[in-house]
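Down below is the structure, laid out as structure tokens.
The values are calculated or read from the model by the stated rules, or taken from the named source; none is laboratory data. Note that this is a predicted model, so its numbers are computed, not measured. Neighbour counts are summed over all protein chains in view; Cβ atoms, including those assigned to glycine, are modelled from backbone coordinates with ideal geometry. Protein only, heavy atoms only, side chains kept; ligands, DNA and RNA dropped before computing areas. Shrake-Rupley method; radii C 1.70, N 1.55, O 1.52, S 1.80 Å.
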Amino acid sequence: PSPGTLCRTKPTDLVFIIDSSRSVRPHEFEKIKVFVSRVIEGLDVGPNATRVGVINYASAVRSEFSLHTHQGKAALLQAVRGIQPLSTGTMTGLAIQFAISRTFSAAEGARARAPNFNKVAIVVTDGRPQDGVQDVSARARAAGIEIFAIGVGRVDMATLRQMASEPLDEHVDYVESYSVIEKLTHKFQEAFCVVSDLCATGDHDCEQVCVSTPGTYRCGCREGFTLNRDGKTCTACSGGLGSALDLVFLIDGSKSVRPENFELVKKFINQIVDSLEVSDKQAQVGLVQYSSSVRQEFPLGQFKNKKDIKAAVKKMSYMEKGTMTGQALKYLVDSSFSIGNGARPGVPKVGIVFTDGRSQDYITDAAKKAKDSGFRMFAVGVGNAVEDELREIASEPVAEHYFYTADFRTISRIGKKLQMKICVEEDPCECKSIVKFQAKVEDLINSLQQ
């Protein structure tokens, strides 16, 4: 399993009862198999730990494999991959009866009841049974089998409740379609966990700090250290220029951006400014507006704190002419990020270009030059912005660096997505201010959408 999901599971006899009636399409049946495999991956599988069996049913019931057929995880996963749908009716009651009389029998590898021992059935169905499930499910529960019922699509919710064990809210799940059944994986991995505090049991490999959550954990670091990309080890921050960043906004002030929208753009800029640590050692912010011409509102480093930057953004007046994006990009490369204009050598450079329409000039050369100069370029488009242009401006990987929304009112949500992945790999502390950024943006967006 992935790091952090190694759960000591209670010894369990686990049987999946899966519906492959004709309403379950072949590609949907594949999704059920993925779900079953994911749950198995999170278990402690073995003859003395968790044993797994699978019953496949439609009009008839087929035992795919018994609790004692496969002893190891790899063999189980291999067997699950080979299961084929039956594609006839829906005899759910019959399948549960089969589980009681056959699958959970000693002959098929089930173990005797014991206090520290679970017998669990997970039923996955998308239909209305053609037979009764209430009495047979009650018998199964009386025999000590805990039943989880998962319903998909147009399933009959009442029959799910008749099958499931108490408390129902923990044992009945519903998903709209097979394509989202995987989101239940985590719930079942946790359901079989006994050890909820893996940090306390020392069952982890964190270098400094272990943070426990039910059934899993994550690693953290002490103050002054940053978690490395492996998610386990920590590196000391070098301090000083650690989280330095030169950030320049390039804002479209063309007449298609109406005055009330221009105000929303200012809010968007300030939302991002808010989340930076501004000082001459940390983040510096510059602002350039363009329409038919290019105007530097203020250069990098002119304002030394957030309050002054935000006040200057609010005061910015609106140019209201054409859209010369290429000219603006050229200005960014030649002037905004020049040392004479306040940029600091050796500090990561980030440009955020905002536009709402097609450029009236040629952008290819300037866009390429910005990226070739090592600037991290984000492109944000609204309304009539052209996605091809946004992609041309955006840094690699393009999907993480360009954003588009049809409506200015949703622009604040882009602030959330601009999870400034501005970190410079060599120094993990480059990103300290950015981590804070991510936490704050959630709150900002909520307040802007009020």
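Worth a mention:
- Each part gets one Cα centre, and for the range 387-403 versus the range 272-308 those centres are 22 Å apart.
- 3J(HN,Hα) along the range 352-363: 10, 9, 10, 8, 10, x, 6, 5, 8, 10, 8, 9 Hz, from the Karplus curve 6.51 cos²θ - 1.76 cosθ + 1.60 with θ = phi - 60°, whole Hz, x for Gly and Pro.
- With the cut-off at under 13 Å, measuring from each backbone N in the range 133-162 to a point 7 Å along the Cα-to-Cβ line of TYR174 picks out 150-162.
- Of the solvent-accessible surface of the range 7-194, computed with a 1.4 Å probe over protein heavy atoms with every protein chain present, carbon and sulfur atoms account for 51 percent.
- Global geometry of the range 290-352, whether rounded, prolate or oblate, following the gyration tensor of its Cα atoms and the 1.5 cut on a/c: oblate
- Residue list for the range 381-414, given a label point 7 angstrom along the Cα-to-Cβ vector of ARG258 and an amide N cut-off under 12 Å: 408-409
- Efficiency of FRET between SER373 and VAL34 - r from beta-carbon atoms, R0 56 angstrom, step 0.05: 0.80
- In the range 286-344, trypsin sites (Lys or Arg not before Pro) in a DSSP loop with at most 16 other beta-carbon atoms within 10 Å: LYS304, LYS321
- Taken one residue at a time, the phi angles of the range 99-112 give Karplus couplings (6.51, -1.76, 1.60, θ = phi - 60°) of 4, 5, 7, 10, 5, 8, 9, 4, 4, 9, x, 6, 9, 5 Hz. Gly and Pro are set to x.
- Amide hydrogen proximity for LYS10: with H placed 1.01 Å from N in the peptide plane, the residues at 5 or more positions away or on another chain lying under 5 Å are VAL194.
- In terms of its alpha-carbon gyration tensor, the range 245-423 comes out rounded; the largest-to-smallest axis ratio a/c stays below the 1.5 threshold.
- Among residues other than VAL133 with Cβ under 15 Å from its Cβ, the summed charge is -1 (Lys and Arg +1, Asp and Glu -1).
- Kirkwood hydrodynamic radius computed over the range 7-194 comes to 16.1 Å, based on all pairs of distinct alpha carbons.
- In a fully extended conformation the segment linking LYS321 and ASN384 would gain 21.1 nm over its present Cα-Cα distance, using 0.36 nm per residue.
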